[in-house]
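Q: Input: one structure, supplied below.
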């Protein structure tokens, strides 16, 4: 009888769970095809699951703005081990002969049961600490909610009922004169504490513990998909299908001929992988903690963005299911009324009238629901993003936030025609003059006056094409670093040329800000120009140009070898083709560009160049550096937009730089140069702290004899 009840209970529970998974999976399946391969490289994908899901590698990592909650790791790993015991209970409940202790050799069963028993206590301890932490230690910082309470309560109850079941079972055996079972030290201790006990009381206690344990397991299983802990189900497939490509093509090429989908305005226009992302969110809030917009008071929380997409998806799917059910009800009632002769004009069946009214109400509700982009996901949320990638970098389950934001921007720009005024001017300038500043294109080579810089027409087939970029050609501050780079190239006798007036904006500001139509026009034009010039290698001082040329242009047939100027300078120094002098500054720190660092994984080359210069006071690292570097605020088209809410992003970063009390901050991006220079001026520190590009520091070193400087000891070396 007990087995029959168990089987019915198990079948009912698993059926309900399977239906929930089918509904959630069906919602994901409404997404579009994903342009990237997601199930290739199986060994690498399985390794990812082992490292990042079971090993929790990224969860365990710590950074300047987050610390790992060790108790979460113990709860997770403990739960994985305890699941073995749970599976044994479920299987043996259906087929008692398959219980592990009946077929597994004691050499394996005893240590395994001991581990499971001990980890039950560890998990119970960690859950207790989590409750105390939320209620007593840090109640203001860690908000308490019903969902968290239910989950922690369910986990604790599972651990307690494990000890209740095994404790009474062991107590009964001890009371009957039998020896305590090998292994399970905690349950044995509980059994000894309970004894002496009668056989009947032991059986009742064990039965109560057993059935409570089973009921909690099955209830927990079916509550899980509707709780914040749905990530326990979504994380594994999300990690398995993560982007493994070395080419960080963070945006698929938009088919502009398909006027039914210009960007993402509705949830189902996302790819299925983007929708799967929404189930994987662990709500750790690391993405928001590292987001420069969120940190400076903007209306953007990457974590909330992912939740909003999930809620939109589930709400829409539920509403459409309700409409489908209502239509079926109307059809069935209409057919019944027709067969029964109850469909007389003016005398419709009351149930049919009610069903039709419900259908009309549901359809009206769907028709009046605001679209997701610009509705549930507000416009200012999307425009606040700098596309720095900090959110994606720290996400333990590889959610791709920036791509979703840019795709929704595409819908705002191309379909809804909602563009902030500053961006609209930049778009117009790019379209007319091929640069965001709107300066006449015939002035593109004025930066090179007096330098006799070779153009591709004068010097065809050079080893390197120097991609100057719009800032490098038109911004007075950045022109200095462009001229410095030319001096460095000449000092190293590098064979190079520039496109001159043929060069146009790469389209980075347009693409990251959602104007895919303008970007594609520029990309096609530039690729054609570079191919006709037989360009093979490109060096650029702008990480935004680097990223676009390296990762976006292959979508348009532009496969070039693209490197950053710091990579080339470092290579020239290493191969002794370039000899630097002494450092023109005594103390320096380096600000990581998001598009050079996180997006293109180049952290060493700029630092290697600085070390080669041997500044007297050394190179000081910022607290937020390398993978966790803080954005200057210029990416994603924000270079050409004003900040109307909260603190300016560049001021936040500038304050961190000024706190190091260095003589100079080295940069490797023209946008970073502009933004940090502006921040230093606003803090009235421009006389004390210089903002210099790596190329400028190297060029200035030629005028400083290396022997003229002696290295001072750092405080740590003293």
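Q: Report yes if residue 48 is under 30 Å from residue 624 (Cβ atoms), assigned to a helix (DSSP H, G or I) and at pLDDT 90 or above, otherwise no.
A: Working: under 30 Å from residue 624 (Cβ atoms): yes; assigned to a helix (DSSP H, G or I): yes; at pLDDT 90 or above: yes.
For residue 48, the condition - under 30 Å from residue 624 (Cβ atoms), assigned to a helix (DSSP H, G or I) and at pLDDT 90 or above - is met.
Q: Let me confirm something: among 516, 524, which residue is farther than 17 Å from residue 669 by Cβ and either surrounded by fewer than 19 Cβ atoms within 10 Å (Cβ to Cβ) or in contact with a strand residue (DSSP E or B) (Cβ under 8 Å, 6 or more places away or on another chain) (or both)?
A: Only one candidate qualifies: 524.
Q: Is it the case, given these coordinates, that residue 351 is touching a helix residue (DSSP H, G or I) at 6+ places or on another chain (Cβ under 8 Å), in the same structural domain as residue 307 (by TED's automatic domain parsing), modelled with pLDDT under 90 and outside any helix (DSSP H, G or I)?
A: No; evaluated as a whole, the condition is false for this residue.
Q: Same structure, new question: With the requirement that a residue be in contact with a strand residue (DSSP E or B) (Cβ under 6 Å, 6 or more places away or on another chain) and surrounded by 24 or more Cβ atoms within 10 Å (Cβ to Cβ), what does region 485-513 give you?
A: The answer is 498, and nothing else.
Q: Looking for whichever is at positive phi and under 28 Å from the mean Cα position of the chain (by Cα) here; the options are 387, 381. Which one fits?
A: On the way: 381 fails: at positive phi.
After ruling out the rest, the residue left standing is 387.
Q: Ok, one more. Among the residues that make up region 172-184, is at least one of them surrounded by 19 or more Cβ atoms within 10 Å (Cβ to Cβ) and either within 45 Å of the chain's Cα centre (by Cα) or not assigned by TED's automatic domain parsing to the domain that holds residue 90 (or both)?
A: Within region 172-184 (the criterion being surrounded by 19 or more Cβ atoms within 10 Å (Cβ to Cβ) and either within 45 Å of the chain's Cα centre (by Cα) or not assigned by TED's automatic domain parsing to the domain that holds residue 90 (or both)), the answer is yes, since at least one residue qualifies.
Q: Could you grab me the full set of residues in region 433-467 that are closer than 28 Å to residue 703 by Cβ and in a loop (DSSP other than H, G, I, E, B)?
A: Result: 445, 449, 450, 451, 452, 453, 454, 459, 462, 463.
Q: Pairs, please: C-beta under 8 Å, at least 6 apart or cross-chain, first residue free of Cβ contacts under 8 Å to residues at least 60 places away in the same chain and in the same structural domain as residue 195 (by TED's automatic domain parsing) and in region 155-166, second outside any helix (DSSP H, G or I) and crowded, with 21+ Cβ neighbours inside 10 Å?
A: 166/184
Q: Also, I was wondering about something else. It is to be established whether one or more residues within region 34-57 are surrounded by 13 or more Cβ atoms within 10 Å (Cβ to Cβ), more than 17 Å from the chain's Cα centre (by Cα), closer than 30 Å to residue 166 by Cβ and without any contact (Cβ under 8 Å) to a residue 12 or more places away in the chain.
A: Yes: one or more hits.
Q: Please determine whether any residue of region 207-222 is over 24 Å from residue 19 (Cβ atoms), in a loop (DSSP other than H, G, I, E, B) and out of contact with any helix residue (DSSP H, G or I) (no Cβ under 7 Å at 6 or more places or on another chain).
A: Within region 207-222 (the criterion being over 24 Å from residue 19 (Cβ atoms), in a loop (DSSP other than H, G, I, E, B) and out of contact with any helix residue (DSSP H, G or I) (no Cβ under 7 Å at 6 or more places or on another chain)), the answer is no, since none of the residues qualifies.
Q: Checking the condition under 30 Å from residue 20 (Cβ atoms), touching a strand residue (DSSP E or B) at 6+ places or on another chain (Cβ under 6 Å) and assigned to a helix (DSSP H, G or I), which residue from 321, 308 passes?
A: Working: 321 fails: touching a strand residue (DSSP E or B) at 6+ places or on another chain (Cβ under 6 Å).
Residue meeting the stated conditions: 308.
Q: Sticking with this one: Would you say residue 180 is outside any helix (DSSP H, G or I) and in contact with a helix residue (DSSP H, G or I) (Cβ under 8 Å, 6 or more places away or on another chain)? Steps first, please.
A: Details: outside any helix (DSSP H, G or I): yes; in contact with a helix residue (DSSP H, G or I) (Cβ under 8 Å, 6 or more places away or on another chain): yes.
Criteria met by residue 180.
Q: A follow-up question, please. Between a first residue in region 87-109 that is in the same structural domain as residue 181 (by TED's automatic domain parsing) and a second residue that is surrounded by 14 or more Cβ atoms within 10 Å (Cβ to Cβ) and not in a helix (DSSP H, G or I), which pairs have beta carbons less than 7 Å apart while being 6 or more apart in sequence or on different chains?
A: Listed pairs, sorted by first residue: 88/99; 92/99.
Q: From the list 41, 56, pick out the single residue that is modelled with pLDDT of 90 or more and closer than 17 Å to residue 234 by Cα. Spell out how you get there, then give the answer.
A: Working: 41 fails: closer than 17 Å to residue 234 by Cα.
Answer to the check: 56.
Q: Only one of these conditions is not met by residue 642: (1) assigned to a loop (DSSP other than H, G, I, E, B); (2) at pLDDT 95 or above; (3) within 27 Å of the chain's Cα centre (by Cα). Which number is it?
A: So the condition that residue 642 fails would be (2).
The values are calculated or read from the model by the stated rules, or taken from the named source; none is laboratory data. As the structure is a computational prediction, the values presented were derived from the model and not from experiment. Here Cβ is always computed from backbone atoms with ideal geometry, including for glycine, and neighbour counts include all displayed protein chains.
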